[in-house]
1. Would you kindly work out the equivalent ellipsoid of segment 76-142 from its C-alpha gyration tensor and give its semi-axes, the square roots of five times the eigenvalues, largest first in whole Å?
2. So if each residue of separation counts as 0.36 nm, and I subtract the Cα-Cα distance between ILE75 and LYS29, what length gain in nm does that give?
3. Let me understand segment 31-126 better: what is its radius of gyration from the alpha carbons, and its Dmax, in angstrom?
4. Pairs LYS51/LYS115; LYS33/LYS120; LYS32/LYS115; LYS29/LYS90: which are spaced more than 22 Å apart, C-alpha to C-alpha?
Amino acid sequence: MKSLRDLGVGRQKSEGGARLAEPNEGSLKIMKKIEAVIQPFKLDEVKEALKSIGIDGMTISDVRGHGRQKGHKEIYRGQEYNVDLLPKVKVEMVVSESRCPEVLRTLATAARTGKIGDGKIFVYEVAEAIRIRNDDRGESAL
């Protein structure tokens, strides 16, 4: 089995004249990407709750979809329409592994109404994060 050193981790490499620093063996820390699909009217409450625990960086997207509720029927000018893609908001952030449980608790509590359609939270492992401006890497790039 190859070691991290054999794979080139910890070495400097150059691309187009720029010197890019790669992480050293001891700096490989797991980060988590959290994606939450929530009700649009809960967005302000979720943002405030995350801000209160020190989470500032996030990406917000307007999305449409449905889960088990499969949408609903509406009547417009006497015609019945099946609205199967409901408006939702997707909140994405990357946090250190040690902060993940706290962020998940806060996010779920703030987004919960107790009714069908509250949304879902997905957690992924992130191997690397790079701040483009100054080449900060790993958790320091967050």
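Laboratory data are not the source of any read-out in this text; all were calculated from the coordinates shown. Keep in mind that what you see is a predicted model, and the values were worked out from it rather than measured.
1. 36, 17, 9
2. 11.3 nm
3. Here Rg and the maximum Cα pair distance are 15.3, 54 Å.
4. Pairs exceeding 22 Å: LYS51/LYS115; LYS32/LYS115; LYS29/LYS90.
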